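To keep things clear, I will list the structure first and then write my remarks on it.
The values are calculated or read from the model by the stated rules, or taken from the named source; none is laboratory data. Just so we're clear, the structure is a prediction, and the values are computed from it rather than from any experiment. Cβ atoms come from the backbone with ideal geometry, glycine included; neighbour counts cover every protein chain shown. We work out accessible area using only protein heavy atoms, side chains counted, and drop any ligands, DNA or RNA first. Shrake-Rupley method; radii C 1.70, N 1.55, O 1.52, S 1.80 Å.
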Amino acid sequence: MSDDLVLRSRRVVTDAGEVPAAVRVREGHIVAVEGYDTPGEDLGDLALLPGLVDSHVHVNEPGRTEWEGFATATRSAAAGGVTTIVDMPLNSLPPTVSVGALAAKRAAAAGRCHVDVGFWGGAVPDHLGDLPALYDAGVFGFKCFLVDSGVPEFPPLDAAGLEAALRAVPALFVVHAEDAGAIRPLPATRSYARFVASRPAEAEHRAVEQVVAAARRAGARVHVLHLSSAGALDLLERARRDGVRVTVETCPHYLAFAAEDVPDGATQFKCCPPIRDRANREALWQGLARGTIDAVVSDHSPCPPALKRAGSGDFAAAWGGISSLQLGLPVVWTHARARGHGLADVARWMSQRPAEIAGLPGKGRIAVGYDADLVAFAPDEPLAVEPAMLRHRHKLTPYAGASLTGVVHTTWLRGTPVDGQPRGRLLTREAG
Ligand SMILES: [Zn+2]
């Protein structure tokens, strides 16, 4: 049909790997993957990837829109090749812990989104009774903490609360896995090493053990968010072999940076759990290579620069969160290819698996029937990260000045290039 959009590339990333092909799009969907000789728009040597699915983004609107908002977050997402985000339930006011709060989120997002947006609900002690109705209202699952979240309106669950939540609704639970009992008080300090020592790997290991045990008892499906310590991978592998339904993600900053290289006072690197040492970073890459780690997502969690305490460089007082939504693809690609991985690996970690885990059946693959969410990516083009190029509300990021490889040229959302018109849809979980 002449109205079809046909995109041709010598490097289309499909389930068969990287192949020369033409992708035929009709009414927003991929309707065929044809031979490269098919007439159409020729991308030449630009690779064509499925749009990234970033299931871990803190948009913060409404209530803390001065930190980040739907318009800025989704524009930066599109600029970085991300075509779907799933918004975290905390840091906005109200947090997404009830049907009314979800309605407030959706109202804040409506008409402002440049990519598709779904929502996680929150599981907090006083709102466990809200979980079934919130699930029915379309959230993709529930986030909870086992440690202070950083904001008072989103308190953690204790062991009994976690198990009660898992039993309250047959949903996916995504868990910030650090155990409060293993975290040490941190006096004011500019020392990155002291900050890391206050949040030891042991805190992650104990929390992952607790989550796995609760999932096993409740027969629930759980997902470990932003794994930093590779020491937990054996435990996760054993749990899966035993039939526990557990998946795990890590983030670009744990794969790109190492504690030894973080300067004292450089609070733009502060996140929880913290970036650990070089040997740990390589062990995370091995976990990705053997498939233990399912997904790589941003955990984009910005704040106004003043809250990062750049002046004092105090790791104790600085907000914990790294800003990176626009940069995940070139960061991960740069470091992945240095370790022998291909674009198909990156697409599996950053598109396919996050979509499968969150439950987004039409997203994350270049295949017939999927949404035509696509990215033209120049895998060999250098990218010098300058704050001015970032569409995030705030430009402070540990990637400033980084020399990366890989540039996003065009992002299509359901077959239409993202061009400044907010065409993103608000997604709801498909029942069943
Ligand atoms: Zn987060």
Taking segment 50-70 on its own, how many of its residues are of a type outside the set (K, R), within 16 Å of the ligand (Cβ to nearest atom) and not in a strand (DSSP E or B)? 6
For segment 128-156, give me the residue count where each residue is touching a Pro at 6+ places or on another chain (Cβ under 6 Å) and either free of Cβ contacts under 8 Å to residues at least 12 places away in the same chain or under 23 Å from D54 (Cα atoms) (or both). 4
Subset of segment 238-258, residues more than 30 Å from L166 (Cα to Cα) and buried (at least 18 other Cβ atoms within 10 Å of the Cβ), comes to L255, A256, F257
Return the only residue of A47, A79, A32, A73 being surrounded by fewer than 18 Cβ atoms within 10 Å (Cβ to Cβ), in contact (Cβ under 8 Å) with a residue 12 or more places away in the chain and either more than 14 Å from D373 (Cβ to Cβ) or within 16 Å of the ligand (Cβ to nearest atom) (or both). A32
Filtered residues of segment 394-423 (kept if in contact with a Gly (Cβ under 9 Å, 6 or more places away or on another chain) and under 30 Å from A137 (Cα atoms)): T411, W412, L413, R414, G415, T416, V418, P422
Being in a loop (DSSP other than H, G, I, E, B), among the small types (G, A, S) and within 16 Å of the ligand (Cβ to nearest atom) is the filter; apply it to segment 293-322 and report the residue that is farthest from H56 (Cα to Cα). A318
Taking segment 169-211, which residues are under 14 Å from L235 (Cα atoms) and either open to solvent by 10 Å² or more (accessible area, probe 1.4 Å) or basic (K, R) (or both)? A201, E202, H205, R206, E209, Q210
Going through segment 256-277 one residue at a time, which ones are aliphatic (A, V, I, L, M), more than 20 Å from A203 (Cα to Cα) and either part of a loop (DSSP other than H, G, I, E, B) or at pLDDT below 95 (or both)? V262, A266
In segment 157-168, residue surrounded by the fewest Cβ atoms within 10 Å (Cβ to Cβ) [restricted to those that are in contact with a helix residue (DSSP H, G or I) (Cβ under 7 Å, 6 or more places away or on another chain) and either touching a residue at least 60 places away in the same chain (Cβ under 8 Å) or not aliphatic (A, V, I, L, M) (or both)]: R167
Output for segment 123-139, where each listed residue is surrounded by 24 or more Cβ atoms within 10 Å (Cβ to Cβ) and closer than 19 Å to L360 by Cα: L134, V139
So which residues in segment 89-121 are touching a residue at least 60 places away in the same chain (Cβ under 8 Å), crowded, with 22+ Cβ neighbours inside 10 Å and among the aliphatic types (A, V, I, L, M), if there are any at all? L90, A109, V115, V117
I want to confirm something. Restricting to segment 1-29 and keeping residues that are outside any strand (DSSP E or B) and acidic (D, E), which single residue is least open to solvent (accessible area, probe 1.4 Å)? D4
Counted residues, segment 221-236 - those being out of contact with any helix residue (DSSP H, G or I) (no Cβ under 9 Å at 6 or more places or on another chain) and more than 16 Å from the ligand (Cβ to nearest atom): 1
Pairs under 9 Å by beta carbon, first residue of a type outside the set (G, A, S) in segment 233-244, partner open to solvent by 90 Å² or more (accessible area, probe 1.4 Å) and in a helix (DSSP H, G or I), six or more apart or different chains? L233/Q286; L235/E209; D242/R216; V244/R216; V244/R238
Residue tally, condition open to solvent by less than 10 Å² (accessible area, probe 1.4 Å), aliphatic (A, V, I, L, M) and closer than 18 Å to A193 by Cβ, over segment 291-320: 1
Single residue of L325, L329 found to be surrounded by 20 or more Cβ atoms within 10 Å (Cβ to Cβ), within 16 Å of the ligand (Cβ to nearest atom) and closer than 14 Å to C251 by Cβ: L325
Looking for whichever is within 30 Å of R309 (Cα to Cα), touching a residue at least 12 places away in the same chain (Cβ under 8 Å) and not β-branched (V, I, T) here; the options are A355, A400. Which one fits? A400
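Taking the options S351, S324, name whichever one is hydroxyl-bearing (S, T, Y), closer than 21 Å to L7 by Cα and under 13 Å from the mean Cα position of the chain (by Cα).
Working: S324 fails: closer than 21 Å to L7 by Cα.
Only one candidate passes the filter, namely S351.
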Which of the residues that make up segment 160-181 are within 16 Å of the ligand (Cβ to nearest atom) and of a type outside the set (G, A, S)? L172, F173, V174, V175, H176, E178
Residues that are open to solvent by 20 Å² or more (accessible area, probe 1.4 Å) and part of a helix (DSSP H, G or I), drawn from segment 332-363: T334, H335, R337, A344, D345, R348, Q352, R353, E356
